[in-house]
Amino acid sequence: MHALAGLVLVTALATACGTTPPPGTVAPTAGTSEVAPSGGSAGRIATAAPPATAAPTVSRAAVLLDPALLRVLPAEVDGHPVEESVEVEEANVAAPAMPAEIRSLAAAFVHDDGMTNWAVATVVLLHAGVLGDAFHRSWRDSFDTGACEPAGGVTGTASTTIGGRPVDIGRCAGGVHTYHARLSGDRLVSVTAVGDLRFGELLMAGLVE
């Protein structure tokens, strides 16, 4: 299995009712450290990115935290702001087995007032030449395994077109869905989402390059 098997999105929730806020964090498969994403630390995505002259902060894992990557996401979905989640970002780069293929990343969180609909989006920038079909499949499969494990496992996969681009969709037990899209410039966007408002699909439909 690819090195990215060590970096998966762990999403814990109450599958019976789907109303528990998600502690979505990226962690190695050997441990499932969980951090609740919270928006508001940097405001809306449209204003969260640093100036073009500002250098992203380098983590101890030598992966950059670059909020500018979140510019590919819409500022809101269905009237709910999409906001940077510093907690999820820090959990990502703190993973002890951070894959060497990742150059930088950023994460965002969107939810409704009742927390019955939510989505966690991770935008990853890879080193040049890494993003091919084999890498994409490995990333997608590892991500889905980690995201679906707390909800009962992966129950199916599909491919479709959203917003004019190919999107891979994973289905988990308990109503969790994942979404994956490849963007130009060696970038990947992966989303874990819950709820009838389909925030994951709305995020994918609103991607900009």
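Things worth noting here:
- Any hit, the stretch 69-83, residues being in a helix (DSSP H, G or I), touching a residue at least 60 places away in the same chain (Cβ under 8 Å) and surrounded by fewer than 20 Cβ atoms within 10 Å (Cβ to Cβ): yes
- Unmet criterion (only one of (1) surrounded by 19 or more Cβ atoms within 10 Å (Cβ to Cβ); (2) more than 17 Å from residue 110 (Cβ to Cβ)) for residue 185: (1)
- Annotation note: Cβ proximity below 8 Å between a residue of the stretch 152-168 that is closer than 20 Å to residue 206 by Cα and a residue that is assigned to a loop (DSSP other than H, G, I, E, B) (sequence gap 6+ or interchain) occurs for 163/206; 163/207; 165/207.
- Residue in the stretch 151-165 that is in contact with a Leu (Cβ under 9 Å, 6 or more places away or on another chain) and over 22 Å from residue 71 (Cα atoms) present: yes
- Unique residue being modelled with pLDDT of 95 or more and in contact with an Asp or Glu (Cβ under 7 Å, 6 or more places away or on another chain) when the list is 202, 207, 131: 202
- Residue in the stretch 151-209 that is farthest from residue 75 (Cα to Cα), counting only those that are outside any loop (DSSP other than H, G, I, E, B) and among the acidic types (Asp, Glu): 168
- Considering the stretch 91-150, and only residues there that are hydrophobic (A, V, I, L, M, F, W, C) and part of a loop (DSSP other than H, G, I, E, B), the residue that is farthest from residue 182 (Cα to Cα) turns out to be 115.
- All positions within the stretch 161-194 that are under 15 Å from residue 137 (Cα atoms) and of a type in the set (Ser, Thr, Tyr): 178, 179, 190
The values are calculated or read from the model by the stated rules, or taken from the named source; none is laboratory data. Model, not experiment: these values are computed from the prediction. Don't worry about glycine lacking a Cβ; one is built from the backbone with ideal geometry, like all the others, and counts go over all protein chains shown.
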